[in-house]
Amino acid sequence: MYILVTGGTGFLGSFLCERLVDDNHAVVCADNNYTGSVENIKALMERANFRFIERDIVDPFPNDHTLPRFDQIYNLACPASPVAYQGKAAIKTTKTSVIGAINMLDLAKKDGATILQASTSEIYGEPLENPQKESYRGNVNPIGVRACYDEGKRCAESLFFDYHREEGVDIKVVRIFNTYGPRMNPRDGRVVSNFIVQALKNEDITAYGDGKQTRSFCYADDLIEAMIRMMNSPKGFTGPVNIGNPGEFTILELAQKVIAKTKSASKIVFKPLPSDDPTQRRPDISLAKEQLGWSPQIALDEGLDKTIAYFANKLGLW
Ligand code: UDP
């Protein structure tokens, strides 16, 4: 199949491209490299069935005759970490989510492609239900600093369903909960990469707020498997489907695990909680289990070991 992956030089996008190339598909990876990096696809550049194009999905895809007619489009392009999407990139983040979605949906319509949207647990905002089911409509602050991402992704979901209803586009929507693994960008401020790098360097571990807020952490390989299963699920099954690991941990528990695993001398210090930081996050994955036969296989302890080994190697420590 001919497959387009937007956001393909990012942390998750590059793993997805790798898997699709290994499965012998012809893969085009499009990215503007705002948070992604060609470093992540270096090995793929050698592969005959892989091509990288530097593109921003906010710009319409021109009629480029060197591009194939796509059978499938995975739309992952968007800065995903609060540090990357807040501040100076907020307006651009909304544009990427909304205008980017319109451009990719138009392309899917033109090509007759199935299109998968990488949506997010941020749809649920500060959830008043735990765990979160897909039927929960969320509790998002529409004017806060996270709104560019949360509302951008909510609007993208709305566009996907309107293109499905009005234009007959074959859509698939997954809501991705916190995901971690090798290749996370150590500068993008995510909790797993921050804690591992801090612990490996014996620096203070920065817990925001009281550290009692919870997250559920899914290992990257598990997530990629779920996305591929969703894309290839029976026509008409649109989702949204939660994809995540239902194990729920406080940020302090995560810090303690990382310190123990790295045998670090780091101390936990407390920093102010960023605004609108959700207090709890845990996916109900019954729908993914039922419709995709999927559940995560890699527990946090195992995934952390692999991720720590990656960062230790990258930092030249182990
Ligand atoms: N966090 C933290 N220390 C850090 C980075 C993040 O305590 O150095 C917290 C953050 O406040 C949030 C959780 O960890 O409660 C997850 O943050 P991340 O940015 O990884 O993901 P998101 O907030 O988008 O779930």
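For the reader, a short list of remarks on this structure follows.
- Enclosing the Cα atoms of segment 88-184 in their convex hull gives a volume equal to 123 cubic angstrom per residue.
- Short to long, the 5 Å bins of the Cα pair-distance histogram for segment 137-246 hold 2, 10, 14, 17, 19, 16, 10, 6, 3, 2, 0, 0 percent of all pairs.
- DSSP beta bridge pairing in the chain, given as percent antiparallel to the nearest 5: 10
- Sequence-separation-based contact order of the chain, relative, with Cα cut under 8 Å and 6+ spacing, percent: 17
- Total formal charge among the other residues, if their Cβ is under 14 angstrom from that of MET231, Lys/Arg +1 and Asp/Glu -1: 0
- Extent of the chain along its three principal axes (Cα atoms, max minus min coordinate, largest first): 56, 45, 40 Å.
- Selection from GLY87, ALA207, GLN132 lying farthest towards where the dipole of segment 74-228 points positive, charges on Cβ: GLY87
- Lys/Arg +1, Asp/Glu -1 at C-beta; the chain dipole; positive extreme among GLY112, PHE161, PHE52: PHE52
- Residues in segment 182-198 carry Karplus couplings, in order, of x, 6, 4, 7, x, 9, 8, x, 5, 5, 5, 5, 4, 5, 5, 5, 4 Hz; the curve used is 6.51 cos²θ - 1.76 cosθ + 1.60 with θ = phi - 60°, and Gly or Pro positions show x.
- Residue with peak Gaussian network fluctuation, the chain [Cα springs, cutoff 10 Å], from ARG282, ARG215, ARG51: ARG51
- Of SER193, SER121, SER264, the one that fluctuates the most in a GNM where the chain has Cα springs shorter than 10 Å: SER264
- Net charge of neighbours whose Cβ lies under 14 Å from the Cβ of GLY36, counting Lys and Arg as +1 and Asp and Glu as -1: -2
- Value at 222 nm in deg cm²/dmol, rounded to 500, when DSSP H runs of n ≥ 4 in the chain each add -39,500 (n - 2.57): -11500 deg cm²/dmol
- P(r) for segment 177-316, from all Cα pairs and a bin width of 5 Å, is 2, 10, 18, 21, 18, 13, 9, 5, 3, 1, 0 %, short bins first.
- Note that segment 219-233 has calculated 3J(HN,Hα) couplings of 6, 3, 4, 5, 5, 4, 4, 5, 4, 5, 4, 5, 4, 9, 6 Hz, one per residue in order, obtained from phi through the Karplus relation 6.51 cos²θ - 1.76 cosθ + 1.60 (θ = phi - 60°); glycine and proline are x.
All of the numbers you see were taken from the coordinates with simple rules; none came from a lab. These numbers were taken from a predicted model, which means no experiment stands behind them. Neighbour counts are summed over all protein chains in view; Cβ atoms, including those assigned to glycine, are modelled from backbone coordinates with ideal geometry.
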